[in-house]
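**Student:** Below you'll find the structure I mean.
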Amino acid sequence: MDKLQEEFGFNFDPCPYPKPDDFDGFTCEWGTSSYVNPPFGSILHEGNKKGPTAWARKAIEENRKGKRVVLVYPIDNWVLMLLAAGAQVRNLGDVR
């Protein structure tokens, strides 16, 4: 975390732990450099189920305002191994 803090100079955490009762990382304005370690599962927010995609959408929205956002998500070791070996990634969309 120290290396990330040094590189990005975080001044906001929209997913603090423990989360204060009156805090809402989805609806508040984020800082100019945010460290986002969201819950990896779904949560109930204003009666709707929200998960990783909702956090990614909010991060994109904040980034479009000129803010820096570092989003933390777990990635399986096999993916990291492939990337380290030089694998290239292509998005095929929603494959069924």
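**Student:** Sort out which residues of the stretch 43-63 are of a type outside the set (A, V, I, L, M, F, W, C) and within 12 Å of TRP30 (Cα to Cα), and write them in order of number.
**Tutor:** Within the stretch 43-63, LYS58, GLU61, GLU62, ASN63 meet the criteria.
**Student:** Can you tell which of ALA54, ALA59 is in contact with a Leu (Cβ under 7 Å, 6 or more places away or on another chain), surrounded by 14 or more Cβ atoms within 10 Å (Cβ to Cβ) and not in a strand (DSSP E or B)?
**Tutor:** Working: ALA54 fails: in contact with a Leu (Cβ under 7 Å, 6 or more places away or on another chain).
On inspection, the qualifying residue turns out to be ALA59.
**Student:** Continuing with the same structure: Six or more apart or on different chains, Cβ under 6 Å: which pairs go from a residue in the stretch 72-85 that's closer than 23 Å to ALA59 by Cα and in contact (Cβ under 8 Å) with a residue 24 or more places away in the chain to one that's surrounded by 11 or more Cβ atoms within 10 Å (Cβ to Cβ) and aliphatic (A, V, I, L, M)? Could you list them?
**Tutor:** Taking only residues 6 or more apart or on different chains, not a single pair turns up.
**Student:** So, GLY93, is that one farther than 25 Å from MET1 by Cα, at pLDDT below 90, among the small types (Gly, Ala, Ser) and out of contact with any Asp or Glu (no Cβ under 9 Å at 6 or more places or on another chain) or not?
**Tutor:** Numbers: farther than 25 Å from MET1 by Cα: yes; at pLDDT below 90: yes; among the small types (Gly, Ala, Ser): yes; out of contact with any Asp or Glu (no Cβ under 9 Å at 6 or more places or on another chain): yes.
When the stated conditions are applied, GLY93 passes them.
**Student:** Residues to consider are GLU6, GLU62, GLU29; find the one that is at pLDDT 90 or above, more than 17 Å from the chain's Cα centre (by Cα) and of a type in the set (D, E, K, R).
**Tutor:** GLU6
**Student:** Here's a follow-up. I'd like the residue in the stretch 1-43 that is among the small types (Gly, Ala, Ser) and buried (at least 16 other Cβ atoms within 10 Å of the Cβ) and, out of all such residues, is nearest to VAL72 (Cα to Cα).
**Tutor:** Here the answer is SER34.
**Student:** Do we have any residue at all in the stretch 30-46 that's in contact (Cβ under 8 Å) with a residue 12 or more places away in the chain, hydroxyl-bearing (Ser, Thr, Tyr) and part of a loop (DSSP other than H, G, I, E, B)?
**Tutor:** yes
**Student:** Within the stretch 65-96, restricting attention to residues that are among the basic types (Lys, Arg) and closer than 30 Å to GLY31 by Cα, which residue is farthest from the chain's Cα centre (by Cα)?
**Tutor:** LYS65
**Student:** Among the numbered criteria (1) exposed (fewer than 15 other Cβ atoms within 10 Å of the Cβ); (2) on the phi < 0 side of the Ramachandran plot, which single criterion is violated by GLU46?
**Tutor:** So GLU46 meets the others, but not (2).
The values are calculated or read from the model by the stated rules, or taken from the named source; none is laboratory data. Just so it is clear, the model here is predicted, and its values are computed rather than measured. All Cβ positions, glycine included, derive from the backbone under ideal geometry; neighbour counts span all protein chains shown.
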